[in-house]
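The values are calculated or read from the model by the stated rules, or taken from the named source; none is laboratory data. Keep in mind it's a predicted model, so treat the numbers as computed, not measured. Cβ atoms come from the backbone with ideal geometry, glycine included; neighbour counts cover every protein chain shown. Please note that ligands, DNA and RNA were not included when accessible areas were found on the heavy atoms of the full protein model with its side chains. Shrake-Rupley method; radii C 1.70, N 1.55, O 1.52, S 1.80 Å.
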Amino acid sequence: HGVLAHETPWQYTYFDGQGTAYKSLEELRAMPPQERAAFAQMVVQNSRNGFGFAYNTFAFHHEIEKGNLLDHPLKAFDEFMNSESFLGFARKVTGDETISSAGAAATWFGPGHYLNLHVDRLPGWDLRAAFIFYFSPTWRPDWGGELKFFPDKRGTYIEESFFPVLNVMNIMTFPKYHSVGVVAPFAAAPRIAISGCLYAGEAPYSVDDLP
């Protein structure tokens, strides 16, 4: 938790109407109030009629694949989630013996952040399951931020819902419709987690594919 809260270079990610977009937190802070308000309204508008998201992230696995973060504490976590100990555990829990690698990013959901209902699809990547490790020392259920599962894209009811409890991991096989509930404006702490995917076959990307 200490590393994620104090030693992680977060950036804001959001849906810009076409796909994933990013802004540095420094860039957001430097915006004049009127410009910042207009930007926030644009993000909300793009999420109003379907898929959308807004939260902070740090793609540490991508950075490690590019040869960065060699002395960062998250390098040890990246090695752990690609170890036989963790991958064997994932194969046992999911019943999928084809799982062979993992990739993840750190996520920070603060007040007003959300991830709308969706199902994960990445063409060309053999996704098998997803996992979330929670690192929020205190969390109240009325702060929102719950991981919710739905039977289909209509979202007529919630099948299951899990709050971000410290040192708990959620794992789900694909495909599964899910969302992260809006974090309440009065939430007194961020929802900090490491979220990742489990793959079959060769690594899902090479260094040359990374942004």
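Enter the angle in degrees (range 0 to 90, nearest 10) between the Cα long axis of helix 84-94 and the first principal axis of the Cα atoms of the chain, meaning the one along which they spread out most. So the helix axis and the longest Cα principal axis differ by about 80 degrees. Of the options Phe80, Ile192, Ala106, report the single residue whose Cα projects farthest towards the positive end of the charge dipole of the chain (beta-carbon charges: Lys, Arg +1; Asp, Glu -1). The residue sitting farthest along the positive end of the dipole is Ile192.
Within the range 150-181, list the chymotrypsin sites (Phe, Trp or Tyr not before Pro) lying in a DSSP loop whose Cβ has at most 14 other Cβ atoms in a 10 Å radius. Write down the numbers at each step before the final one.
Working: sites: Tyr157, Phe162, Tyr177; in loops: Tyr157.
Answer in residue order: Tyr157.
For the chain, give the percent of accessible area contributed by carbon and sulfur heavy atoms, probe 1.4 Å, rounded to a whole number. In the chain, the share of accessible area belonging to carbon and sulfur is 54 percent. Distance between the 7 Å Cα→Cβ label points at Asn167 and Ala200: 3.5 nm.
The long axis of helix 33-46 is offset from the longest Cα principal axis of the chain by roughly 50 degrees. Positive end of the dipole of the range 62-192, charges at C-beta (+1 Lys, Arg; -1 Asp, Glu), about the Cα centre: which of Leu70, Phe131, Phe149 has its Cα farthest in that direction? Checking the options against the dipole of the range 62-192, the answer is Phe149. Near Lys75, which lysines are there with a Cα under 18 Å away, not counting those fewer than 8 places off in the same chain? Output for Lys75: Lys66.
Rounded to the nearest 20, the Cβ-based charge dipole of the range 6-62 about its Cα centre (Lys and Arg +1, Asp and Glu -1) stands at 180 debye.
Based on the reciprocal of the average 1/r between different C-alpha atoms, the Kirkwood radius for the chain equals 18.1 Å.
Rolling a 1.4 angstrom probe over the protein heavy atoms with all chains in place gives the chain an accessible area of 53 Å² per residue. Around the Cα centre of the range 60-211, unit charges on the Cβ atoms of Lys, Arg, Asp and Glu (plus for the first two, minus for the last two) sum to a dipole of about 540 debye.
Using a simple spin-label model with pseudo-atoms 7 Å out from Cα toward Cβ, Phe39 and Ser85 lie 4.1 nm apart. With the simple spin-label model, which puts each label point 7 Å out from Cα in the Cβ direction, the Leu70 to Leu127 separation comes to 3.3 nm. The GluC sites (Glu not before Pro) of the range 1-109 meeting both criteria, a DSSP state outside H, G, I, E and B (loop) and at most 16 other C-beta atoms within 10 angstrom of the site's C-beta, are Glu7, Glu97.
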